[in-house]
There are 2 protein chains.
Amino acid sequence: MGAVRQGSLRELNLAVVLGRIAAAERPPSRADLAAETGLTRATVSAVVEDLITGRLVTEAEPAPRAGAGRPARGLVLAGDGPAGLGLEVNVDYLAACVVDLAGRVRHHTVHRADLRPLSPADALTRLVALAVRARTDAAAQGLPLAGAALAVPGLVDDAGTVRLAPNLGWRDVPVPALLAGHAPLTERVDGVPPLVVDNEANLAALGELHAGPAAPASFLHITGEVGIGAGIVLDGALFRGTRGWSGEIGHIPVRPEGRPCRCGGRGCLERYAGQEAILAAAGLAEADLPADTAATRLAELAEAGSTAALDALHEAGTALGVAVAAVVNLLDLDTVVLGGGYAPLAPWLRPPVLAEISRRVLTAAWSPVTVRPAALGADAAVVGAAGSVVRRIIAWPSGWLARAA
Amino acid sequence: MGAVRQGSLRELNLAVVLGRIAAAERPPSRADLAAETGLTRATVSAVVEDLITGRLVTEAEPAPRAGAGRPARGLVLAGDGPAGLGLEVNVDYLAACVVDLAGRVRHHTVHRADLRPLSPADALTRLVALAVRARTDAAAQGLPLAGAALAVPGLVDDAGTVRLAPNLGWRDVPVPALLAGHAPLTERVDGVPPLVVDNEANLAALGELHAGPAAPASFLHITGEVGIGAGIVLDGALFRGTRGWSGEIGHIPVRPEGRPCRCGGRGCLERYAGQEAILAAAGLAEADLPADTAATRLAELAEAGSTAALDALHEAGTALGVAVAAVVNLLDLDTVVLGGGYAPLAPWLRPPVLAEISRRVLTAAWSPVTVRPAALGADAAVVGAAGSVVRRIIAWPSGWLARAA
DNA sequence: CGCAAATAATTCAATCGCTGAACAAATAGC
DNA sequence: GCTATTTGTTCAGCGATTGAATTATTTGCG
């Protein structure tokens, strides 16, 4: 916590009030906010006025009806306020989307193509084309973009360099430098780079947090694709680790005397619950399926009662459960979200995961652990990326207000 | 983050300034603090005056010498300010200590006795005797006690009830209720209970954080005793999990097809790197050694070149390394501290732990993980308990100042 | 030795944002 | 149409920070 200057007071209260408006189930009145926060109605009015003139908040016309007295005017996040641009590079598709302050997806494009043969520079050039279309669409809807975030299936350092994205074949790719020619993804505003690069699993977890007001404050979001990544959300904020490389769950040993893994260990989770492992166990050659349909195909087979598929899923679920139990023991989380390719497979993965948790988590007897599929599907990472931009504005509105003024 | 009222400004700045004084390497001057925090020298002077009249800070007479100009007056945490009382119940000893604001241990008593035959009530009665002596000693030194914390080798819920302490044989022990007759451990002040009960591993980790200014902001502290517990410190704060039950590292599977464990799983870490497992592997019957000397005995044997001991330690270190690698992958930590019974064994445990980390942690190649023994020895938990009390004051001085006024 | 330069800390009027109470606005119920 | 009730705004007052000026204390230099 930095020092609190005179002006910080208003900055902090702008964040507090806007945060309450964003988190509220129904549009709160100024009086509600005053009661909730402990601030005076006078102060709340002044703060709200700043937020309204800054186009972050609008008054909801159909005010919620009460008993007697002057009717309250509900406050909601502005639909025409700043929006976030989300981008994603993945193994077999590119995606872009625009999410407004209220969390609505206002634009969404997916471009399917095998990215592996392309150089990183070429892939990014194609991505810029998508970004430009998204920008144009946003402008047509009167939405100013406040920033962008790019989701990548790999490890990203603070500078935005992709250190390693195995399934993409990327290694030490300096994304910001490669985008240098493509303003306005590169103009730095207020010290915030206009494009943040982050791990796909992290951003997908943020997407889940953003998807509904019912999201718990702390949970583990597991993205099951070729690799297995986890996004850790603690108290409503993404936990990134010392260098931003948290969530590497794929190499927790679940059968240490088991199959060798490319990481050098043995019996890693990825070798038992990764997409390739499940497909192989189910008797499906991986090569003839595009990655995005593999999970749905498996779900169809399981639905149809295929013994091979059911056995493969049970096996994978058990391995996943061993790893999840370890994480729950370590972090004492009460919710686990199955995302990415696991989402459609949740009906079959859930039982063995729960079984392992109740076997191995000492505290599960006192307070049960919830395991549920992700609310967002395969779009979680892009939507989460765009959401992370608007979320930053909600968490610190004075930055945007100063820029807009 | 709650709303910020007018008066919160000063409260926040008191915390900011006191925090800087506590964290500084050498006594900072008011001017230093102003430069660091961005506050005006005028404001810092006012804030510091509050801290000095509240007996939290004093001026260090031998001011650090500079070039020219009026010499600065260094500010340090007051040695005669509020102190914390730390208590510990463990399998074969009770302990109490008093730590002052500056982190110095001003009192320390250990009472050795096998606690397992005693009822929880009897054990706590003996503990109160220690606490009373510590109080008297503190009073004799002019130290007002600001609160107490009790370390227990088990799971504790929010109300202070020990839900399960297997090695102590405790189950659902309502510690605050059992201490009800023993004021002043029970009078609630400012909404803060005078006695906080917490897990031993958590408090030991806090002790490590408190032990030196060189402690990293985020680390994993592993307490190896009969069970294996971990304290997770993230950004200088203990991470407790949703219900305060984080850090159960003992049941991470390291040999899943291996030995059955009392938790119901197989091949848990505890069965390979727990004290009993190491002693058995080294050919030492456990029964004939008091728990506190087992580790030193092992260290002696290893020092003397005993093959059995060296092999046992290598085996345990490898198992520990597998689990630690999993945690490091998940949380992206850069420091692991070997505490409790592991501290004296660190020379032999470190190499296999590091080997497993470099094998299994993908990112270890870019930035190495430090593994080191704990700075505090077996006293870490008591000292950490007392430290947690003074730490709370440093984090929120206005609470103490209001009480003292 | 005396004086200028430099750095530390304090004083004080000005200012910014919150507070609390009074007031205006708008509606339901009688 | 009147009253009770609740919402939202206005305004004087106040607390905390600010910034410039002032005082305090030492080093360096002639």
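Helices of chain A meeting both criteria, an alpha-carbon length of 15 angstrom or more along the long axis and an average Kyte-Doolittle score not below -0.5, with helices taken as full DSSP H segments, are A:8-23, A:41-53, A:120-140, A:200-211, A:291-303, A:307-331, A:346-360, A:380-395. In angstrom, the C-alpha Rg and Dmax of region A:1-49 are 11.1, 34. Placing R0 at 41 angstrom, the Cβ-Cβ distance between residue A:31 and residue B:49 gives a FRET efficiency of 0.55 after rounding to 0.05.
Summary of packing: across the peptides B:243-252, A:235-244, the per-residue average of other C-beta atoms within 10 Å ranks them, highest first, as B:243-252, A:235-244.
Among the residues of A:26-38, the average count of other protein chain beta-carbon atoms within 10 Å of the residue beta-carbon is 1. Report D for chain B in µm² per second (integer): Stokes-Einstein, Kirkwood Rh on Cα pairs, 20 °C, 1.002 mPa s. Result for D is 95 µm²/s. Between amide H atoms placed 1.01 Å from N, distances below 5 Å from residue B:147 occur with B:85, all of them 5 or more places distant or on a separate chain.
Calculated from the alpha-carbon coordinates, region A:278-365 shows an Rg and a Dmax of 13.9, 44 Å respectively. Expressed to the nearest 5 percent, the antiparallel share of DSSP beta bridges inside chain B is 65 percent.
Look at where the Cα atoms of region B:108-122 and of region B:1-53 average out, and the two centres are 43 Å apart. Within 10 Å of the Cβ of each residue in A:326-339, the mean number of Cβ atoms contributed by other protein chains is 6.
Put a dot 7 Å past the Cα of residue A:129, heading toward its Cβ, do the same for residue A:310, and the two dots end up 4.7 nm apart.
Debye-formula intensities of region A:216-374, expressed as log10 I(q)/I(0) at q = 0.09, 0.10, 0.13, 0.20 Å⁻¹, are -0.27, -0.33, -0.57, -1.31 (one equal scatterer per alpha-carbon, no solvent). Counting Cβ atoms of other protein chains within 10 Å of each residue's Cβ and taking the mean over peptide A:356-366 gives 5. In summary, region A:216-266 shows an alpha-carbon radius of gyration equal to 1.33 times the 2.2 N^0.38 Å reference for compact globular proteins. Can you tell me how region A:327-405 classifies by the Cα gyration tensor, rounded, prolate or oblate, using a/c under 1.5 as the rounded cut? It is oblate, given that a/c is not under 1.5 and a/b is not larger than b/c. On the principal axes of its alpha-carbon atoms, region A:8-77 has extents of 38, 23, 20 Å, going from largest to smallest. The ellipsoid that matches the Cα gyration tensor of the protein assembly as shown has semi-axes, each √(5λ) in whole angstrom, of 43, 38, 25, with the longest given first. Per residue, the average separation of C-alpha pairs within less than 8 Å and at least 6 apart gives region A:1-142 a relative contact order of 16 percent.
Structural descriptor for chain B: relative contact order 17 percent, calculated from alpha carbon pairs under 8 angstrom and at least 6 residues apart.
Inter-part distance, region A:330-405 to region B:225-271, computed on C-alpha centroids, equals 22 Å. Only Cα pairs under 8 Å and 6+ residues apart enter the sum, and on that basis the relative contact order of region A:208-353 stands at 26 percent.
Just so you know, all these numbers are worked out from the coordinates, no wet-lab data involved. Computed from a predicted structure; not experimentally measured. Using ideal geometry, Cβ is built from the backbone for each residue, glycine included, and neighbour counts are taken over all protein chains shown.
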